[in-house]
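The values are calculated or read from the model by the stated rules, or taken from the named source; none is laboratory data. The structure displayed is predicted, hence computed values, not measured ones. Cβ atoms come from the backbone with ideal geometry, glycine included; neighbour counts cover every protein chain shown.
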Amino acid sequence: MKWNSLFAAIGLILAINPLPALSEILRCDQCLYFNAEERALEAGFGNYTVLNFQDKVMWRFAVVVDPEARRIFGHPLPLMAVDIGVDPADAAAFNEIASVWANNGGSLKLDFEMRPGDPLYPTGTLTGFGARDVTWSAQVRESIGRTIARLDYPGEAGRVVSTLSSVVLSAVKAVAGDAQLRVIVVFPDGSSAIFVISPNHTTQAEYELGSARDSEGNIVPDQSHVAGGPNNLRLLGTLRFDDPNNLANWLERASQLGIPFSDGRAQPNNRPVIVECTWVGGKVFCKARYASV
C-alpha cells in the first residue's frame, strides 16, 4: 500500500474512532515493538504510551477498529516506534518517570514528614488544628489536603509530586498502582495525621483513614474504627493517657462514633488512665481504668 493510501486509511479509522485526549501509560519491560503492540491491544480501545523501563524505549499506539477488516487495529502514534532519543520532549518525560522510579526502589511510594518549624510547614493553615479536628471535620480535611497538595516539596518528595501531577502521567497507576507521597503532618499540639498525594488525588491530598494520633501516640478514632470498618481491629490493645485533654478527646470521639465503652474509674484522681479495647460480639469494646503507677 502506498503511503498516501495508508494515511488515508488511518484518517478514516480515526474519523470513525476518535481518540481520547490523554494517553494511558502501560509498562512493558524488555518488550520489543510487537510485544508493546500486543500490550496495547490487550488494554482495549484508546490511546496508549507503552514504556520499556529497562531498555529506555517507549511507543505510542491508538487501538481502534478497522471497519473494513472488522478487527481491532493497533497503529503506532506516530507511524513508527518512538525511541526516546528522537524527541527531546519524549526523552525528558521518560527520564523523569524512570529516575523517580529507580530512586525509590522501583516504586513511586515515599513518606515525607513535616513538623512545626520546618521551612515548608504551612503554619497559616495548620495553626489551631490537630488530629482530632481532622477526624471530626470534612472541611478541615479538605482545607489541609488542598494546602499539602500545593506545597513545593524538596528533593525526592518534590520529584514524586511533580511526576504524579504531570499530564504525561495522568494514568501512572497503570505503571505503579501504589504510586503516592504520604505526608506525615505533625500539628502544633503534637498530634499527627497522614495525608496522601496519589494519581487520583493530585490537587487535594487525601486523609489516610486510621492514621490520626494524639500527642502521646494513641489512635484518634475515626469512621474506619467503627464495627465493620477495615481498621477497627487496630483499636485492640491498650492505650495510655497521661494528658487528660487527649483522654477527653478520645472519649468524646468514641462516643460520637458509637464505639461501646465502659468507664471503670471509681472516682477522679490524677493518675494516668488506661483504655483497653477488646473484640466482643463482632465489634470493638473499650473500658477505661486508672493506671496502677
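Kindly indicate whether His201 is over 30 Å from Gly158 (Cβ atoms) and under 23 Å from the mean Cα position of the chain (by Cα).
no
Mind checking which residues of region 114-142 are of a type outside the set (Lys, Arg), within 25 Å of Ala254 (Cβ to Cβ) and touching a helix residue (DSSP H, G or I) at 6+ places or on another chain (Cβ under 8 Å)? Outline the logic, then answer.
Here is the first cut: in region 114-142, the ones of a type outside the set (Lys, Arg) are 114, 116-131, 133-140, 142.
Narrowing further to those that are within 25 Å of Ala254 (Cβ to Cβ): 126, 128-131, 133-140, 142.
Result: Leu126, Phe129, Asp133, Val134, Thr135, Trp136, Val140.
Hey, can you tell me all the residues within region 256-273 that are outside any loop (DSSP other than H, G, I, E, B) and in contact with a Phe, Trp or Tyr (Cβ under 7 Å, 6 or more places away or on another chain)?
Taking region 256-273 as the starting set, the residues that turn out to be outside any loop (DSSP other than H, G, I, E, B) are 256-257, 261-263, 273.
Residue satisfying the conditions is Val273 alone.
For region 236-256, name all the residues that are surrounded by fewer than 17 Cβ atoms within 10 Å (Cβ to Cβ) and of a type outside the set (Asp, Glu).
Leu236, Gly237, Thr238, Arg240, Pro244, Asn245, Ala248, Ser255, Gln256
Rundown of residues vs (1) surrounded by 16 or more Cβ atoms within 10 Å (Cβ to Cβ); (2) at pLDDT below 90, yes/no style:
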residue	(1), (2)
Tyr121	yes, no
Gly130	yes, no
Ser166	no, yes
Ala171	yes, yes
Val183	yes, no
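How many residues does region 257-285 contain that are closer than 23 Å to Asp189 by Cβ and either surrounded by 12 or more Cβ atoms within 10 Å (Cβ to Cβ) or in contact with a His (Cβ under 7 Å, 6 or more places away or on another chain) (or both)?
Quick first cut of region 257-285, residues closer than 23 Å to Asp189 by Cβ only: 257, 259, 270-275.
Now drop any that are not either surrounded by 12 or more Cβ atoms within 10 Å (Cβ to Cβ) or in contact with a His (Cβ under 7 Å, 6 or more places away or on another chain) (or both), which leaves 257, 259, 271-275.
Total meeting the criteria: 7.
Among all residue pairs at least 6 apart or on different chains, which show Cβ distances below 9 Å where the first residue, located in region 270-293, is farther than 13 Å from Phe241 by Cα and assigned by TED's automatic domain parsing to the domain that holds Thr238 and the second is of a type in the set (Val, Ile, Thr) and part of a loop (DSSP other than H, G, I, E, B)?
From region 270-293, the pairs are Cys277/Ile259; Lys283/Val226; Lys283/Ile259; Val284/Val226; Val284/Ile259; Phe285/Ile259; Cys286/Ile259.
For region 196-255, give me the residue count where each residue is closer than 23 Å to Leu151 by Cβ, part of a loop (DSSP other than H, G, I, E, B), in contact with a Leu (Cβ under 7 Å, 6 or more places away or on another chain) and modelled with pLDDT of 80 or more.
So the answer is 0.
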